[in-house]
Amino acid sequence: MVYNSKYYALINRRDGYLLRKVIQYLDPQPTDKILEIGCGRGFFTKKIQSLSRLTIGIDINPEAIAKGVTANLKVMDTTKLDFPSEFFDKIYSCHTIEHIPDLDRFFRETERVLKPGGRLLLVYPWELIRGMGAIGASLIIFKHPFCCRKIHLHKLNPKKIQAIAANYQFRHIESHFSFFTTLQYFTILEKIESGSSVVD
């Protein structure tokens with residue numbers, strides 16, 4: 001996606017509520033290694049770094065990272081993570097997964113770099129029709145509402161997320177719907193030990 005400062009400003013309006021939810025679900029500790037996937041300029045990463053200084057943010061957009069507001073931001077494709085296996089204690093991604101073309105590779109890589117017992121928090125939009133939640137962003141980026149499906153590549157819900165995650169070493173912990181600030185889902189997954197039974 002082309003870098004657009006107005007688009008990132010739109011996304012950043014949700015930070016206060018999302019910050020509270022990330023803290024609630026992941027309970028960041030000072031010694032935790034935490035990864036934010038889809039960090040943009042790193043405004044949210046910076047806030048989590050105040051709780052866990054080992055937090056790293058990644059984004060595929062080099063222009064966003066170049067304009068980053070904090071340290072430990074990297075240009076990186078989430079389907080090709082340049083981190084050792086079992087490196088992170090916790091991973092979160094807010095309104096990014098719907099933009100990723102290959103969700104299987106996303107889950108394969110997050111499973112690989114997450115420690116057993118570690119948690120993965122995914123926040124993604126509720127949409128009646130795919131792209132509905134990206135109309136505003138489409139107007140900002142493309143100057144046209146009908147390009148919204150170029151932004152949201154998937155229409156997701158907790159059942160779809162669980163179905164994909166079940167192919168990997170993830171256990172579903174909790175999912176819920178929220179209408180605060182925007183219509184969205186929260187799904188929390190936990191990586192289990194290899195060979196363990198995945199039970200919802």
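The values are calculated or read from the model by the stated rules, or taken from the named source; none is laboratory data. Remember, predicted model here, so these are calculated numbers, not experimental data. Just so you know, the surface numbers come from the protein's heavy atoms only, side chains and all, with ligands and any DNA or RNA stripped out. Shrake-Rupley method; radii C 1.70, N 1.55, O 1.52, S 1.80 Å.
Overall, the anisotropy analysis places the range 50-118 in the oblate class: the square-rooted eigenvalues a ≥ b ≥ c of its C-alpha gyration tensor yield a/c not less than 1.5, with a/b not exceeding b/c.
Under 1.5 on a/c is rounded, so check that first for the range 15-75, then, if it is not, pick prolate when a/b is larger than b/c and oblate when it is not; a ≥ b ≥ c are the square roots of the alpha carbon gyration tensor eigenvalues. Intermediate values should be presented prior to the final figure.
Details: a/c = 2.18, a/b = 1.61, b/c = 1.36.
Verdict is prolate for the range 15-75.
The heavy atoms of Arg108 present about 120 square angstrom of accessible area, all protein chains included, probe 1.4 Å.
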